[in-house]
Structures are given as C-alpha cells and as structure tokens.
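One structure is given here, and the rest of the page talks about it.
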Amino acid sequence: MDSSEIRQLKILAAKARQGAILGTYHAKSGHPGGSLSAADIFTYLYYKEMKVDPKNPQWEDRDRFVLSKGHCCPSLYAVLALKGYFDWNELTTLRHVGAMLQGHPDMKGTPGVDMSTGSLGQGVSAACGMALAGKLDKKDYRVYTVLGDGEVEEGQVWEAAMFASHNKLDNLVLFVDQNGLQIDGAVEDVAGIEPLDKKFEAFGFEVIKIDGHDFEQIKSALDKARTVKGKPTAILAKTVKGKGVSFMENQVGWHGVAPNKEQYEAATAELEAQIKELEGEC
Amino acid sequence: MAEIIKKATRESFGEALCELAKDNKDIVVFDADLAAATKTSIFQKEYADRFFDCGIAEGNMIGVAAGMAAAGKIPVAASFAMFATGRAFEQIRNSVAYPGLNVKIAGSHAGISTGEDGATHQCVEDMGIMRAIPGMVVLNPADHWEMKAATKAAIEYNGPVYIRLGRLAIDSFNDPETYSFELGKGITLHEGNDVTVIATGLVVNEALKAVKELEAEGINARLINIHTIKPIDREIITKAAKETGRIITVEEHNVVGGLADAVCQVVAEECPVKVTKIGVQDTFGFSGPAWELLDKFGLTRPHIAKVIRDVVAEEK
C-alpha cells in the first residue's frame, strides 16, 4: 500500500465514522463508542480485503463478514452504504419504526449483512459454521468476524474458538476490537480477559497483535492470516473507543449513548476537518 | 393390521436422516457428544464427512448450524431436549429463528420417559419453550412411521423446525400403507362424539388403547393425534369442540406451555369448551423406569381411560 492508498482508506474511515454519528444522532440511541473504534477494521475489510460484490450481496462465492459485536453496526452500515449496498440516507432512519437499518444487524432486511447478530458471543459461532460450509464445499471464500473485548467474556466465544481450531478453520479470521471498555467500565476492572493472546494461542489460534487504527498493520495481519494453514487466526486489535471524535475517545459513557444536536454537529465537523486535511494531502 | 414395529423415535429419526441424506447432499448433522444417544450416530456411520461432533457445547453447536444454513446447507443439530432447547434457547431464538435460517433442531430424551436419569434430563418444557419463539415449527411424532414422515417433512420445509424425539422404544400404531403426514394437520385416529381426546407424541398409542377399551363400555371418544404442535391444526380442534364439547389433552410434557395450552388457545378463541389436561402437572420428574414413571404421571392406558370415563359421566 502506498501513502495515497492509506490516505484514501483514512478518508473512507472518517466518512464511516461520520455515518455512525449521523445514524446514532437520528436514532437518538445506539452505540457510537465501539462503532468508532472498529471503523478502520470495517473499512479495510470491505475496501481491500474481502471479495464481495455490492450489486450481488448473496453471491455464493463471496467472502463473509459477521459482526459478532452487533451493536457496533452504525459504522458497518456506513461502510456498506459507502460501498453501494444501499443509499447513504438510510442512515438517517437507523432504528426508526419500519426502517431497513435495525438496531442490530438483520441479514434478512439489510443487503450486505451476512448474519443477524446482536446477542454477544453468537456471531463467532455462525462465522465458524460459514467457514466450515466453505471447507465442505471446497470453496475458497474466507470468513471474517469482529468481536468486542467485553464480548470475549461470553463462554460461547471459547466454545467457538475450540470448534474453530478443532476443525482447522484456516479460512476464518477473528478480530477482537480491544478498545478496553465495556458498559460497566474498563474491561480489566469488570471481568478481566487478559492475557488474551495467550488464551487464543492456547485455544489453537495463530495470534497477531496490532494497532487497530493502523492500516498497514491491519493489512500485514490479514496478509499473514492468508498464509496460515491448519488453524484459524485471531487478530487482537488495540483500539481507542470513540476514535476520531475527541470528546468521545476513551470515554466509557459513549458506549451506548447517542450524540445530541450540538455533539452531533461538533463530531461531524471534527471528522470533516480530518477528511479535508487528508484530501489536502492528496 | 400393519406389523407393529417397536422402536424409539430417536432411532427412527436417525434412520430417516440417513435415508434422506442419500439424495440430499446439503444435509449436514451436528451433535453435542450425544450421537450414540440421539441416534445421529446412524447418520455418522454412513456420512462421516457430513457429520460434526461439536463436543459438549450446545450453544456453539446451534450457532455453527446457523452459519451453515446461512451458507446454504440444511443443518440438523441434535442433543437432549433439555440441552438443545434449554441451554441453547437463546442461540435458537436469535441465531436461527430471528433470521429464519433453515436449521432443524432435534431434542431427544424428551419428557419423563427419559427415565432413570431423573429430573435434570427429563425435559417437560421443550415444546413450550420452542412454541413461544415466533415462526418456529414444533413437531412431536408419535411412532416410527410418523417420525420418518415428519423428519422428511422437516427437511423439505424451508425454515427453523424443532422436532421432539423419545428415548423409550414404543410400539408403532400407524399403517405405513395408508399413513400420510401433512405439516400442521392433525389426524383423527378414532371417531366418536361423546368427548374428544387430543394427544401428542409418545403417549398417543396409550390414548388410542384407552379409547378402544371404552368402546365396549359404550363410550365413543374421538381421538386426534397432533404431531404438529405449531402451527397447530385449528380446524380439527374447533370442529371437535363444536361436535363433542369436552376436550381432554394428553401429553408427556408440562401442562403449561405445550399441547394443552395450544389447544386451550384455539378453543378460547373459536369455541370455548372445558379442557381437561393430562400431563405433567407443573412439577419436575424423578428417577425410575420409563413405564413406571409414565404410569405415575397418569399417562398410561388405564389412567387415560379413567379420565375419559369421568369426564363423560360428568357431562351426562
């Protein structure tokens, strides 16, 4: 990746963050914090890594994405809209009665959503099922899933992890968006999960630790994952909850609270300034 | 009279899966370390490449099955009814039923006839739990032939299905020459207008024996077999309520949430009649040989016959 490609990704990620702010503002609810922390991962996956076709969302040979931390869908929806799965204006009716965009991902109603998720710990199992189906059908598609670091407190995550390594699902890549915060406080204060790398290693994963906001590190981790044979890969991505909006960064209070009008305008302007600055560099 | 086959419905289910898998390459089967008990082992022996043991992790098993269905497969996930619908309830609700994925969930060792293992393994709530989930089809076949036909129908139906399997070997009463299974349709096994008995699953044959015994006493009880608990056959129940008045339900399940409640909902809306509920009376089971337990819970021929007799006497 050259510097202009990275700039383009940064611009797209900033737009995705704007979409998450736009959606949660209009919804008057939702989860901005984790949406912002995972936005760079979503952006890279959809723009660089995954083999998908927005015109044919059900394409059988596509790579699959499961947002196991389903509540962070506002920025995923924004990336899907940017990719052309649906109109950007849909974001303004997020969580409204009769709207296409549900509070948590709905595979039946939303083009581009490969699995309905929201109940934590469940998406990762579904991702295992998709990866296993690919193996069974001898297809070369890959399956990606993003979990929250609070989410790994769910026992099902570890049932799925055992299943993935037992079945040698090397077509599965599991991200943990390690923003360090969950609803009740810091993950390490609520119900500590560390050492997470050793845990995934013990569960049979190839483990790669990265800065989840550094596109070059995201790229090299995913490139490495493609070379790993006979076991799944876990990418532990250190992130900042609320990333990109200064007053939301590292604030546990922004887990599940929507911005009011002033906050919406301030956040949008801050992200717009980032975009302008990046575009100026082009 | 057709030949009587004595077999547990779990075994009929395993055989049916095997037969269906021959022509349907999309069928994949999951179990949670109970393959020998749920009889998915029959499938495993023939189709090892399409069988996956998930170990003792039912929640993950259901989630994996959901992912498989999302990728176009027809997954069948089996465990004991207790763990399939209890432990994995929320995975079934959120990962399977909400997205309407084509997963078949088989709950074996359902009801108190699980026997000696006792209350922790005797699921008397599974039909109620599954029936409460929007869009879930709930099947409770009564004998070998019905289980085979129901398994085929479940595979052919596109959407989530829960199918209840029994541990206990029971006699068949259906005739394979004339038997036909239609999803959502009850079957009248015995005509009569004095009272209607509506039974489901493993105890249907006991109810059938009871109504036949009562013929000699001049009691003409109608017997309806409800193999599909949801969507329930409203028409056959309403017709029975109108024509016979009193209804008696018979199920190897808590009288809360299962057949009794499903029937009560229909008659309350269509034709209110008094309903007498034979089943587990909102208690837990306990250890013991299956038939002794069925007898204790009033689910055998003599007990069912007595209730019918009493109800008819009360009406006169």
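Please treat every number below as a calculation from the coordinates, not as lab data. This is a predicted model, so every value here is computed, not measured. Don't worry about glycine lacking a Cβ; one is built from the backbone with ideal geometry, like all the others, and counts go over all protein chains shown.
With a Förster radius of 25 Å applied to the C-beta separation of A:Gln251 and A:Glu277, the computed FRET efficiency comes to 0.60.
Compute the angle between helix A:261-281 and the longest alpha-carbon principal axis of chain A, please, reported from 0 to 90 degrees and rounded to the nearest 10. Relative to chain A, helix A:261-281 is tipped by roughly 70 degrees.
Spread over its residues, the convex hull of the C-alpha atoms of the stretch A:133-282 is 138 Å³ per residue.
Taking 0.36 nm per residue of separation and subtracting the Cα-Cα distance, full extension of the segment from B:Asp310 to B:Ser180 would add 43.5 nm. For the residues of A:151-157, the average number of beta carbons from a partner chain within 10 Å of their own beta carbon is 2.
The P(r) of the protein assembly as shown has a tail past 43 Å containing 31 percent of all C-alpha pairs. Shown is the FRET efficiency for A:Ser4 and B:Ala48, computed with R0 = 45 Å from the Cβ-Cβ distance and rounded to the nearest 0.05: 0.30. Straight-distance candidates among the lysines for linking to B:Lys242, with alpha-carbon spacing under 24 Å and chain neighbours fewer than 8 residues away dropped: B:Lys185, B:Lys212, B:Lys230, B:Lys274, B:Lys277, B:Lys306, B:Lys316.
Amide H to amide H, with H built 1.01 Å from N, B:Ile27 comes under 5 Å of B:Ile74, counting only residues 5 or more places away or on other chains.
Ellipticity at 222 nm from helices only: DSSP H runs of n ≥ 4 in chain B, each -39500 (n - 2.57), divided by the residue count, give -10500 deg cm²/dmol. From most to least packed by mean Cβ count within 10 Å, the peptides B:24-31, B:100-107 give B:100-107, B:24-31. Here the protein assembly as shown is assigned +1 on the Cβ of each Lys and Arg and -1 on the Cβ of each Asp and Glu. Its dipole about the Cα centre then comes out at about 600 debye.
Of the peptides A:230-236, B:193-199, the order by per-residue mean of other Cβ atoms within 10 Å, starting with the highest, comes out as B:193-199, A:230-236. Peptide B:236-249 has a mean shielding of 0, counted as Cβ atoms of other protein chains within 10 Å of each residue's Cβ.
Summed over qualifying helices (DSSP H, 4 residues or more, each -39500 (n - 2.57)) and divided by its residue number, chain A shows a 222 nm mean residue ellipticity of -14000 deg cm²/dmol. Taking amide H atoms as placed 1.01 Å from N in the peptide plane, the amide H of B:Ala78 lies under 5 Å from those of B:Phe30, B:Asp31, B:Ala32, B:Ala106, each 5 or more residues away in sequence or on another chain.
In this simple spin-label model, placing a label point 7 Å from the Cα along the Cα-to-Cβ direction at both A:Lys48 and B:Glu191 gives a separation of 7.7 nm. The ratio of the alpha-carbon radius of gyration of chain B to the globular-protein estimate 2.2 N^0.38 Å is 0.95.
Kindly provide the chymotrypsin sites (Phe, Trp or Tyr not before Pro) of the stretch A:50-104 that DSSP labels as loop, not H, G, I, E or B, and whose Cβ sees at most 16 other Cβ atoms within 10 Å. Filter output for the stretch A:50-104: A:Trp59. Working from Cα pairs under 8 Å separated by at least six residues, relative contact order for chain B is 18 percent.
Relative to the longest principal axis of the Cα atoms of chain B, the long axis of helix B:234-244 lies at roughly 10 degrees.
Checking the a/c ratio against 1.5 first, then a/b against b/c, what shape does the Cα gyration tensor give for the stretch B:150-189? It comes out oblate by the Cα gyration axes.
Please label the shape of the stretch A:4-99 as rounded, prolate or oblate, based on the square roots a ≥ b ≥ c of the eigenvalues of the alpha-carbon gyration tensor (a/c under 1.5 means rounded; beyond that, a/b larger than b/c means prolate, else oblate). Oblate, because a/c is 1.5 or more while a/b does not exceed b/c. Working from label points 7 Å from Cα in the Cα-to-Cβ sense, the B:Lys25 to B:Thr283 distance is 5.4 nm. For B:Glu235, neighbours were defined as the other residues whose beta-carbon sits under 13 Å from its Cβ, and their charges (Lys and Arg +1, Asp and Glu -1) total -1. DSSP bridge analysis restricted to the stretch B:187-315 gives an antiparallel fraction near 20%, rounded to the nearest 5. By the gyration tensor of its Cα atoms, with a ≥ b ≥ c the square roots of the eigenvalues, what is the shape of chain A: rounded for a/c under 1.5, prolate for a/b over b/c, or oblate? The shape class here is rounded. Taken residue by residue and averaged, Cβ atoms of other chains lying within 10 Å of the Cβ of A:132-139 number 5.
Size descriptors for the stretch B:6-171: radius of gyration and Dmax over Cα atoms are 13.9, 40 Å. An ellipsoid equivalent to the stretch A:71-166, defined through the eigenvalues of its Cα gyration tensor, has semi-axes of 27, 17, 10 Å when rounded to whole angstrom and sorted largest first. In this structure the amide hydrogen of B:Ile198, modeled in the peptide plane, comes within under 5 Å of the amide hydrogens of B:Ile224, B:Ile248, B:Thr249, B:Val250, none closer than 5 places in sequence on its chain. Which FRET efficiency value, to the nearest 0.05, do you get for A:Asp211 and A:Val97 by plugging their Cβ-Cβ distance into 1/(1 + (r/R0)^6) with R0 = 41 Å? Calculated transfer efficiency: 0.55.
With a simple spin-label model that places each label point 7 Å from the Cα along the Cα-to-Cβ direction, the separation between A:Lys55 and B:Lys274 comes to 7.0 nm.
Cβ crowding within 10 Å, taken as a proxy for footprinting-reagent exposure, orders A:Glu151, B:Glu15, A:Glu272, B:Glu125 from fewest neighbours to most as A:Glu272, B:Glu15, B:Glu125, A:Glu151. Summary of packing: across the peptides A:103-111, B:177-185, the per-residue average of other C-beta atoms within 10 Å ranks them, highest first, as A:103-111, B:177-185. Remark on the stretch B:187-315: ratio of C-alpha radius of gyration to 2.2 N^0.38 Å is 0.97.
Sorting A:Tyr144, A:Tyr44 by the number of Cβ atoms found within 10 Å of their own Cβ, with the fewest placed first, yields A:Tyr44, A:Tyr144. Counting only lysines at least 8 places from A:Lys224 when in the same chain, those with an alpha carbon closer than 24 Å to its own are A:Lys10, A:Lys48, A:Lys51, A:Lys69, A:Lys135, A:Lys138, A:Lys139, A:Lys168, A:Lys198, A:Lys199, A:Lys209, A:Lys238.
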